[in-house]
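Q: I have a structure here, written as structure tokens, and I will follow up with some questions on it.
Coordinate-derived values only; no laboratory data. Computed from a prediction, not measured in an experiment: that's the story for all the values here. With ideal geometry, Cβ positions are generated from the backbone for all residues, glycine too; neighbour counts draw on all protein chains shown.
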Amino acid sequence: MSTRIPVVRIADRTVAFATIAPGGFRILAALDGLTKVLGFDVVITSGTDSHPAGRHPVGEAYDVSVKGWAVPVIGKAQRYLRQTLGERFTVLYEVPSAPTEPTEAALAFVNGRATGKHLHVQVRKGTTYPPEEPIRS
């Protein structure tokens, strides 16, 4: 008997990973854990591609499709990623316009430049990952 194992996938061949910083590897590990929590594949729609500035081009941010996910599943994913990654990371449910449904609106971060609803996960602005360790003598 074969049991399907949920995995992290990319949406298509245009999703690129020109570089992956340590924070990017941490995010990928958390996304792999998310597949186990949700029991289905998690699809990355943007890596170092399609974003000319910010954390994406340096391998410290990824966008994840939420297509077909119910609002409670989006909330569960957002909570899991925030808890797993901790305070040095940002996890946003980005939407291009404000949702009218109150439960979804409570989760959403409105970004008028977003091309669709998705999870955006990145190393928090103003933060270095991993934190710089003091030099030990």
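Q: Would you mind ranking Leu28, Leu119, Leu38 so that the residue whose beta carbon has the fewest other beta carbons within 10 Å leads the list?
A: Placing the least packed residue first, the sequence is Leu38, Leu28, Leu119.
Q: Take Ser65, Ser97, Ser46 and order them by how many other Cβ atoms sit within 10 Å, fewest up front.
A: Ranked by crowding around the Cβ, least crowded first: Ser97, Ser65, Ser46.
Q: Residues with beta-carbon under 13 Å from that of Lys76, excluding Lys76: net charge, scoring Lys, Arg +1 and Asp, Glu -1?
A: Here the count lands on +3.
Q: Counting only DSSP beta bridges with both residues in the chain, what percent are antiparallel, rounded to the nearest 5?
A: Around 70 percent of the beta bridges assigned by DSSP in the chain are antiparallel ones.
Q: Compute the helix-to-body angle for 71-85: its Cα long axis versus the longest principal axis of the chain, expressed 0 to 90° and rounded to tens.
A: 10
Q: While we're looking at this one, here's another question. Can you tell which of Ser46, Ile20, Gly68 lies farthest toward the positive end of the dipole of the range 8-123, using +1 and -1 charges on the Cβ of basic and acidic side chains (Lys, Arg; Asp, Glu)?
A: Going by the charge dipole, the pick is Ile20.
Q: While we're looking at this one, here's another question. In degrees, nearest 10, range 0 to 90: what is the angle between the Cα axis of helix 22-38 and the longest Cα principal axis of the chain?
A: Long axis of 22-38 versus the principal axis of the chain: about 30 degrees.
Q: May I have the convex hull volume per residue, in Å³, for the Cα set of the range 11-59?
A: 68
Q: Let me ask something else. Can you compute the modelled spin-label distance between Asp49 and Arg88, with each label point 7 Å from Cα toward Cβ, in nm?
A: The two pseudo-label positions are separated by 2.9 nm.
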